[in-house]
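The structure under discussion appears below in the form of C-alpha cells.
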Amino acid sequence: MATLIHTLADHSNDVNYCAFSSSCLATCSLDKTIRVYSLNNFTELPYSPLKGHTYAVHCCCFSPSGHVLASCSTDGTTMVWNTHDGRMLAVLEQPSGSPVRVCRFSPESTYLVSGAADGSVVLWNMQSLKLYRSGNVKDGSLVACAFSPNGNFFVTGSSCGDLTIWDDKMRCLYNEKAHDLGVTCCDISSQLISDGEHGFRYFQMASCGQDNQIKLWLILFADFLGVELKYKCTLNGHSAPVLACAFSYDGQMLVSGSVDKCVIIYETSTGNTLHTLSQHTRYVTTCAFAPCSPLLATGSMDKTVNIWQFDLKQPCAGNTVENESKVAVEDWSEDDVSAWLCAQDLADFVGLFKMNNIDGKELLNLTKESLTNELKIESLGLRSKVLQKIEELRMKMISVSVTIPDEFLCPITRELMKDPVIAADGYSYEKEAMENWISNKRQSSPMTNLPLHSLMLTPNRTLKMAISRWLETQQK
C-alpha cells in the first residue's frame with residue numbers, strides 16, 4: 001500500500017530529478033537550484049537551496065556514502081557539493097561545453113560519470129576531481145546512465161534509442177537499439193538474477209522511452225564471455241512517453257513516471273501492476289525509491305515532489321535495524337544485510353556484499369582475514385570499521401533475547417501498540433496510526449485492501465491489558 005505522506009512545493013519551475021541518500025532527499029529544477037531535505041521531517045536543510053548553476057539543473061545524485069552530491073546542468077558543468085555544509089567542492093566542465101543531462105557515481109565512489117547533449121561521456125576521478133576517461137555514443141544525446149552494483153560496468157541511454165554498455169576503462173562493450181523513439185531513463189537493480197540451468201547470474205536492468213514502453217533486460221558480465229544483453233519483457237500501462245524508471249532497493253519493485261501524469265509501481269518478478277498513482281497534474285519527470293526507508297519520491301512539471309510511504313510486509317531498509325529484536329540476525333537475507341550496512345553508514349559496501357551473497361549468517365562469520373582476502377577490502381580503516389559494527393551487532397544479539405509477539409505489533413507501523421483499536425475489518429491497529437490512515441482519505445483496510453464499511457474505531461481493552469502484562473514480565 002502506497003500512502004501520500006508529504007508534498008514539497010519549493011521549486012518555482014519544473015522538477016527535473018530527485019535522489020535519495022540514507023538521510024536526505026535532493027531535488028533539482030529548471031529554476032537552476034538544487035534543494036536538499038532531511039528525511040526525518042522533510043524540512044529543508046539550512047544550506048539549501050544550492051545555487052551555482054546558471055541554467056536549468058537536469059540531474060542530481062548522491063555518492064553511495066551520502067557525503068557528496070553531484071548536479072549537472074544546461075550550463076555544461078557538473079558541480080560537486082559537500083552535503084554536510086553545502087560547500088561547492090568542484091566545478092567539472094564538460095570538455096565540449098555541451099549541456100550535461102545526466103550524472104552518476106560509481107558504487108565505490110571512485111568515479112563520477114557525466115553525459116551530455118552532444119553524446120559525450122566523461123568519467124571523472126573523484127579523488128583528484130580530474131577527467132579520467134572520455135568517449136562518445138555513436139548517435140544522439142546522452143540522457144540516461146546507470147552503474148552495475150559491482151562497478152565493473154555502466155550503461156548509458158541515448159535519445160536515438162541506443163543502450164550502450166561501457167567498462168570502467170571507458171571501453172564500449174555492447175550496443176543495442178532498445179527504444180525506437182529514444183531512451184529516456186535506465187536503472188540497474190542491486191538484486192542479481194540466477195540462471196539455474198547454466199549457473200550464471202545476471203544483473204537486471206530497466207529502460208524506458210518515448211515509445212510509451214518500459215523494457216526489462218538481463219545483463220551477463222563475465223570475463224570469459226564478455227557482455228551479453230538479453231531482452232526479458234515489456235511492461236505496459238502508460239499511455240504516453242515514459243520519462244523515468246527506478247528499482248526499489250531490494251529489486252522487488254519498479255516505479256515509472258510518464259507524460260500521462262501517472263506513476264505506476266510494478267512487481268518486478270511478475271510484471272504485475274501494484275499501484276497506479278495519479279496525484280500529479282502535469283508530466284511526471286522523475287521517481288526514486290529511498291535506500292534506507294520505505295519511501296518513494298515522484299517529481300513533476302507541476303513543480304512539486306510527492307513523498308509516498310509503503311506499508312511493507314517484509315522488513316525493509318528503513319526498519320531492519322529497528323526489527324533486530326524481531327528477526328534473528330542469522331536469519332537475515334542479503335537485503336537485510338544491505339539495509340544494515342546502509343544504516344551503519346557503510347552503504348559503499350552494499351554492492352560488494354551483494355556480489356558475495358553475504359546474508360546474516362555470513363555477516364556474523366566475517367573476519368579480518370575474509371574481509372582482506374575474500375572481499376578484497378584494502379583499507380585497514382574500513383576493515384576495522386566493518387568489524388567494529390559486526391561486533392556491536394553480536395553484543396546486541398546477546399543482550400536482546402526477547403521477541404515481541406506479532407499480535408502486539410501494529411500492522412501499519414510494525415511497532416508495539418500503546419492504544420490498540422479495532423477497525424471494521426476486524427484487525428487491531430495503533431489508534432494514531434489508523435486515524436492518520438483514515439485522515440489521508442484511505443477508506444480501505446490496510447491489511448486486506450478491501451473497503452471499510454465503517455470508519456469507527458473501537459478501543460481494544462483486552463489487547464491493551466495483554467500488552468501491559470507482557471511488558472511487566474519483561475521488566476522483572
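The values are calculated or read from the model by the stated rules, or taken from the named source; none is laboratory data. Since the model is a prediction, treat every value here as computed from it, not as a measurement. For neighbour counting, all protein chains shown are included, and Cβ atoms are generated from backbone atoms with ideal geometry for every residue, glycine included. Each accessible area value is taken on the protein alone, full model and side chains, heavy atoms only, with ligands, DNA and RNA left out. Shrake-Rupley method; radii C 1.70, N 1.55, O 1.52, S 1.80 Å.
Given only helices, namely DSSP H runs of n ≥ 4 each adding -39500 (n - 2.57), what is the per-residue ellipticity at 222 nm of the chain, to the nearest 500 deg cm²/dmol?
Working: 7 runs with 71 residues, N = 476.
It comes out at -4500 deg cm²/dmol, rounded to the nearest 500.
Heavy atoms only, probe 1.4 angstrom, no DNA, RNA or ligands counted: give me 79, 88, 126 ranked by accessible area, highest first. Don't skip to the answer; put the middle values down first.
Working: 79 10, 88 85, 126 35 Å².
Solvent-accessible surface, decreasing: 88, 126, 79.
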> Where a Cα-Cα gap under 15 Å defines reach, which aspartates and glutamates qualify for residue 51, not counting those fewer than 8 residues away within the same chain?
Replying inline: 10, 31, 75, 85
> Residue separation times 0.36 nm, minus the C-alpha to C-alpha distance between residue 463 and residue 267: what's the value?
Replying inline: 67.1 nm
>> Given points 7 Å out from each Cα along the Cα-Cβ axis, report the residue 44 to residue 374 separation in nanometres with one decimal.
In response: 4.9 nm
> What FRET efficiency comes out for the pair residue 275/residue 454, r = Cβ-Cβ distance, R0 = 35 Å, nearest 0.05?
Replying inline: 0.90
> Ignoring ligands, DNA and RNA, how do 345, 335, 139 rank by accessible area with a 1.4 Å probe, largest first?
Replying inline: 139, 345, 335
> How far, in nm, would the chain grow between residue 82 and residue 385 when pulled straight, counting 0.36 nm per residue and subtracting the alpha carbon separation?
Replying inline: 106.9 nm
>> How much length would be gained if the chain were fully extended between residue 365 and residue 128, taking 0.36 nm per residue of separation minus their Cα-Cα distance, in nm to one decimal?
In response: 81.7 nm
> Relative to the longest principal axis of the chain, what angle (0 to 90°, nearest 10) does the C-alpha long axis of helix 461-475 take?
Replying inline: 80 degrees
>> Need one number: nm distance between label points at residue 174 and residue 444, each 7 Å from Cα along Cα→Cβ, rounded to one decimal.
In response: 3.7 nm
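Counting each pair of different Cα atoms once, what's the Kirkwood radius of segment 2-310 in Å, rounded to one decimal?
Details: mean 1/r = 0.0526 Å⁻¹.
Every distinct Cα pair counted, the radius reaches 19.0 Å.
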